[in-house]
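Chemist: I have a structure here, written as structure tokens, and I will follow up with some questions on it.
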Amino acid sequence: GAAVRAERLLSLMQKEHDQGNKSVKPNTVTYNSVISACAYSKHSDDRKDAFEIAFRVFKQMTLKEVTPNAVTYTSLLNVYRNCLSTTDKENRFLLSQYLFKECSKAGFVNDYVLGALKKVVTKEQYIHLVGSGEESSSHLPSDWT
């Protein structure tokens, strides 16, 4: 699927960079593109691989000291939404809780992150994480945004 192809391209870019081609260094946009490809895997049988690839790439991103941003966190929440079973509400919540805490610690919560979070967790879980049903980041603690 698209996620596998995107990860393969990222690996090729990284290999080229490691071999001295400094013009192809993967950056935040590169990593976000791979994660986004994972979030929108079209075939249900690709979703497990897409989920694993997204978080492998996210880990690699942090190990390579490439800074995630709001797009990164929004895309990862979209991976949860599209790749995890809708009946597994507890797992969706626990994973989203961890990711949202990381995002808020990094100061990247925005309206897109909130919109993606709202599509992954239940209304009650959203209120628990955000502190209200608020959908606008303008009403959140300033260190979250």
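Chemist: Give me the accessible area per residue for segment 1-85, probe 1.4 Å, as a whole number in Å².
Modeler: On a per-residue basis, 55 Å².
Chemist: Starting from the Kirkwood radius over alpha-carbon pairs of segment 98-145, derive D by Stokes-Einstein at 4 °C in a medium of 1.567 mPa s and give it in µm² s⁻¹.
Modeler: It diffuses with D of about 124 µm²/s by this estimate.
Chemist: PRE reach from Ser11 (point 7 Å along Cα→Cβ): which of segment 43-69 fall under 19 Å by backbone N?
Modeler: Residues 46-64 fall inside that zone.
Chemist: Want the number for Glu134 to Lys25: 0.36 nm per residue separation, take away the alpha-carbon distance, what's left?
Modeler: 35.4 nm
Chemist: How far is helix 89-106 tilted off the main Cα axis of the chain, in degrees rounded to 10, range 0 to 90?
Modeler: The helix 89-106 is inclined about 80 degrees to the chain.
Chemist: Counting other Cβ atoms within 10 Å, which chymotrypsin sites (Phe, Trp or Tyr not before Pro) in segment 1-109 have at most 16 and lie in a DSSP loop?
Modeler: Passing both the DSSP loop test and the Cβ count: Tyr40.
Chemist: As a test question: what accessible area, to the nearest 10 Å², does Met13 have when a 1.4 Å probe is rolled over all protein chains in place?
Modeler: 60
Chemist: Then there's this: Segment 1-109: which GluC sites (Glu not before Pro) are DSSP loop and have at most 12 other beta-carbon atoms within 10 angstrom?
Modeler: Passing sites in segment 1-109 are Glu65.
Chemist: Cross-link list Lys42/Lys64; Lys22/Lys64; Lys59/Lys101; Lys64/Lys118; Lys59/Lys105; Lys64/Lys101: which exceed 19 angstrom alpha carbon to alpha carbon?
Modeler: From Lys42/Lys64; Lys22/Lys64; Lys59/Lys101; Lys64/Lys118; Lys59/Lys105; Lys64/Lys101, over 19 Å: Lys42/Lys64; Lys64/Lys118; Lys64/Lys101.
Chemist: If N is the number of residues in the chain, what value comes out of its Cα radius of gyration divided by 2.2 N^0.38 Å?
Modeler: Relative to the rule-of-thumb radius for its length, the chain sits at 1.08.
Chemist: Can you compute the FRET efficiency between Ser85 and Glu124 using 1/(1 + (r/R0)^6), with r the Cβ-Cβ distance and R0 = 22 Å? Round to the nearest 0.05.
Modeler: Efficiency computed from Cβ-Cβ geometry: 0.75.
Chemist: Can you give the accessible area per residue of segment 98-145, in Å², using a 1.4 Å probe?
Modeler: Value returned for segment 98-145: 58 Å² of accessible area per residue.
Chemist: Measure off, as a whole percent, the carbon and sulfur share of the 1.4 Å-probe accessible area of the chain, all protein chains present.
Modeler: Carbon plus sulfur share of accessible area: 53 percent.
Chemist: Would you mind pulling out the separation of the Cα centroids of segment 103-131 and segment 20-84, in Å?
Modeler: 19
The values are calculated or read from the model by the stated rules, or taken from the named source; none is laboratory data. Just so it is clear, the model here is predicted, and its values are computed rather than measured. We place every Cβ from the backbone using ideal geometry, glycine too, and count neighbours over all the protein chains shown. Heads up: the accessible areas ignore ligands, DNA and RNA and are worked out on the full protein's heavy atoms, side chains in. Shrake-Rupley method; radii C 1.70, N 1.55, O 1.52, S 1.80 Å.
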